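S.K.: Here it is, the structure in full.
The values are calculated or read from the model by the stated rules, or taken from the named source; none is laboratory data. Since this is a predicted model, take the numbers as computed values, not measurements. Positions of Cβ are backbone-derived with ideal geometry, glycine not excepted, and every protein chain shown enters the neighbour counts.
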Amino acid sequence: MDVRALLAGGDRRSNRQSNHALAIVRLDEAKLPALLDCLWDADACIRMRAADALEKLSRDQAGLLQPFKKPLLDLALESTQKEVRWHLALIIPRLRLTGFEAEQVADLLESYLTDRSSIVKTFAMQGLADLAKEHTEFRTRVTEIIRSWTKTGTPAMRARGRILLRKCPAD
């Protein structure tokens with residue numbers, strides 16, 4: 001089954017067959033590179049659906065994406081598509097990152113807080129919180145950022161911020 005073909009068609013309001021593509025990759029990990037390639041497809045809908053499937057995969061099998069960490073980091077830096085950005089904001093902190101990479105990711109996610117999309121901003125906050133769980137050196141910085149956006153952000157950011165602040169360990 002062609003993973004790309006599953007993701008094609010329709011418009012950005014539909015995740016089309018991203019769950020089916022994910023199921024195929026779970027059954028045959030050799031198909032993972034084909035799904036990853038869709039992140040760079042010319043079709044924005046395919047990129048969005050691939051990002052959706054990969055984010056779902058990263059929830060419980062982030063290790064499968066570890067060999068692709070560098071291209072994912074590069075894409076997170078260069079992508080301007082909001083749907084790809086918000087999924088990468090959740091995926092990348094789930095990967096094993098070096099101290100240098102974690103610093104890059106913290107800076108990147110902080111820059112996502114200036115995105116026009118409220119969803120990108122909200123998931124950037126979540127990504128920062130997830131990053132700080134694994135890289136405790138960012139805990140104070142991230143807590144301050146989340147506190148600030150909980151006061152001044154969009155309603156979604158304020159709600160997510162309250163949840164994140166309840167869950168984060170005391171400084």
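S.K.: Here is a list: Ser18, Ser14. Which entry is over 23 Å from Gly127 (Cα atoms) and either in the same structural domain as Thr154 (by TED's automatic domain parsing) or among the polar types (S, T, N, Q) (or both)? Reasoning before the result, please.
M.R.: On the way: Ser18 fails: over 23 Å from Gly127 (Cα atoms).
Sole residue among the options that is over 23 Å from Gly127 (Cα atoms) and either in the same structural domain as Thr154 (by TED's automatic domain parsing) or among the polar types (S, T, N, Q) (or both): Ser14.
S.K.: (1) outside any helix (DSSP H, G or I); (2) touching a residue at least 24 places away in the same chain (Cβ under 8 Å); (3) in the same structural domain as Arg4 (by TED's automatic domain parsing): which one isn't true of Glu83, the others all being true?
M.R.: Of (1) outside any helix (DSSP H, G or I); (2) touching a residue at least 24 places away in the same chain (Cβ under 8 Å); (3) in the same structural domain as Arg4 (by TED's automatic domain parsing), only one is false for Glu83: (1).
S.K.: Out of segment 38-59, which residues are of a type in the set (Asp, Glu) and part of a helix (DSSP H, G or I)? Give the steps one after another, and end with the answer.
M.R.: The initial filter retains those residues of segment 38-59 that are of a type in the set (Asp, Glu), namely 41, 43, 52, 55.
Across segment 38-59, the qualifying residues are Asp52, Glu55.
S.K.: Restricting the first residue to segment 25-45 and requiring it to be in the same structural domain as Leu77 (by TED's automatic domain parsing) and modelled with pLDDT under 95, which pairs with a second residue that is among the acidic types (Asp, Glu) and surrounded by fewer than 19 Cβ atoms within 10 Å (Cβ to Cβ) meet a Cβ separation below 6 Å and a spacing of at least six or different chains?
M.R.: none
S.K.: Only one residue in Leu97, Leu165, Leu109, Leu75 is in contact (Cβ under 8 Å) with a residue 24 or more places away in the chain and either within 24 Å of Asp11 (Cβ to Cβ) or in a helix (DSSP H, G or I) (or both). Which one? Don't jump to the end; show me each part of the working.
M.R.: Values: Leu97 fails: either within 24 Å of Asp11 (Cβ to Cβ) or in a helix (DSSP H, G or I) (or both); Leu165 fails: in contact (Cβ under 8 Å) with a residue 24 or more places away in the chain; Leu109 fails: in contact (Cβ under 8 Å) with a residue 24 or more places away in the chain.
Result: Leu75 is the single residue among Leu97, Leu165, Leu109, Leu75 that is in contact (Cβ under 8 Å) with a residue 24 or more places away in the chain and either within 24 Å of Asp11 (Cβ to Cβ) or in a helix (DSSP H, G or I) (or both).
Residues checked against (1) surrounded by fewer than 19 Cβ atoms within 10 Å (Cβ to Cβ); (2) of a type in the set (Asp, Glu); (3) under 18 Å from Asp2 (Cβ atoms):
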residue	(1), (2), (3)
Val25	no, no, yes
Leu35	no, no, yes
Trp40	yes, no, yes
Gln104	yes, no, no
Thr114	yes, no, no
Met125	no, no, no
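S.K.: Sort through Asp115, Asp52 and tell me the only one that's closer than 27 Å to Ile145 by Cβ, assigned by TED's automatic domain parsing to the domain that holds Arg141 and touching a helix residue (DSSP H, G or I) at 6+ places or on another chain (Cβ under 9 Å). It would help to see each step written out before you state the result.
M.R.: Details: Asp52 fails: assigned by TED's automatic domain parsing to the domain that holds Arg141.
On inspection, the qualifying residue turns out to be Asp115.
S.K.: Another question about this same structure. Of these, Ala62, Ala89, which one is in a helix (DSSP H, G or I), buried (at least 19 other Cβ atoms within 10 Å of the Cβ), of a type in the set (A, V, I, L, M, F, W, C) and within 15 Å of the chain's Cα centre (by Cα)?
M.R.: Numbers: Ala62 fails: buried (at least 19 other Cβ atoms within 10 Å of the Cβ).
From the options Ala62, Ala89, the qualifying one is Ala89.
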